[in-house]
Amino acid sequence: MKGQHILLTGGTGGLGLGVVPTVLAQGPASVTIPYGNPQRVERLRGLISPADLARIRFVKADLLDESAVAALVKDMQRVEVLIHLVGGFSMGKTTEYSYDQWKKDVDLNLNTTFLACKHALQRMLEINYGRIVTVASKSAVDPAGQLAAYSAAKAGVVALTRAIADEMKGTNITANVVLPSIIDTPTNRAAMGAANAVQWVKPESLAGVICFLASEAAGDMRGAVVPVYGNL
């Protein structure tokens, strides 16, 4: 990705803490990271060298507002790569799950993915080059009880990504999706404890897979659904 312009959504989240440094090590010209919480921006800044920080452009944006997403993407010089990390996990019995929470889960996990992909793809078509990498979940293909909303939304991410890959046949634009199991983030440790964290997927490990799919070398991978399960 040396010299390329990357849109990296969700970069200030727990997974982003592992992915952003790995992406910067690939030598991009610039990385645009939209954010909502300024405190998370400062947390990420603390992990990045001053030289690398100079290549990051932080932009406050609501990724569920299509006009904001369109403006974010339009303001980039080019878009060669989209890495979409935005997502969130929640649980509950289907019989007790509120419709409002269901809609929030679909918004966060699926609708942000659609908007980011739609507008990044328009810019990629201008130059006939692009790499789209989305993040779904093991739950997308192996759903369990009390995860109906999350699993359905992540299954939608898989379907969306594969549909884009099919649409882009004949171009130099690819779309692939990774399926992590539980990711070893501070949020997950706080929610589930750290006793079994050794079995979880390290963000840095997932980042390596993401960066390969986002590279020129992965040009023949289209619509791949890549499991990254750790020891689970």
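Brief remarks on what is shown
- Close pairs (6 angstrom Cβ cut-off, 6 or more residues apart or separate chains): at pLDDT 85 or above and in a helix (DSSP H, G or I) in region 183-202, acidic (D, E) and surrounded by 13 or more Cβ atoms within 10 Å (Cβ to Cβ) anywhere: A197/D184
- Long-range neighbours under 8 Å by Cβ, at least six apart or interchain, first residue closer than 22 Å to H5 by Cα within region 34-57, second among the acidic types (D, E): G36/D62
- Residues that are in a helix (DSSP H, G or I) and aliphatic (A, V, I, L, M) were ranked within region 47-100; the one that is farthest from the chain's Cα centre (by Cα) is A51.
- Listed by first and then second residue, the pairs linking a residue in region 207-226 that is over 17 Å from K154 (Cβ atoms) to a residue that is of a type in the set (D, E, K, R) and modelled with pLDDT of 95 or more, with Cβ atoms under 6 Å apart and 6 or more places separating them unless they lie on different chains, are A214/R131.
- Inter-residue pairs, beta-carbon under 9 Å, first part of a loop (DSSP other than H, G, I, E, B) and in region 154-174, second crowded, with 23+ Cβ neighbours inside 10 Å and among the hydroxyl-bearing types (S, T, Y), 6+ apart: M168/T174
- Taking first residues from region 86-97 that are within 23 Å of F114 (Cα to Cα) and partners that are small (G, A, S) and crowded, with 16+ Cβ neighbours inside 10 Å, the Cβ contacts under 6 Å between residues at least 6 apart in sequence or on separate chains come to V86/G10.
- Restricting attention to region 1-42, the residues that are assigned to a helix (DSSP H, G or I) and surrounded by fewer than 16 Cβ atoms within 10 Å (Cβ to Cβ) total 3.
- Subset tally (residues that are β-branched (V, I, T) and either more than 18 Å from K138 (Cβ to Cβ) or exposed (fewer than 15 other Cβ atoms within 10 Å of the Cβ) (or both)) for region 186-212: 2
- Scanning region 131-181 for residues that are crowded, with 16+ Cβ neighbours inside 10 Å, among the charged types (D, E, K, R) and over 20 Å from C211 (Cα atoms) returns a single hit, K154.
The values are calculated or read from the model by the stated rules, or taken from the named source; none is laboratory data. If you're wondering where the values come from, they're calculated on a predicted model, not measured in any experiment. Methodologically, a virtual Cβ is constructed for each residue, glycine included, from the backbone with ideal geometry; neighbour enumeration extends over all protein chains shown.
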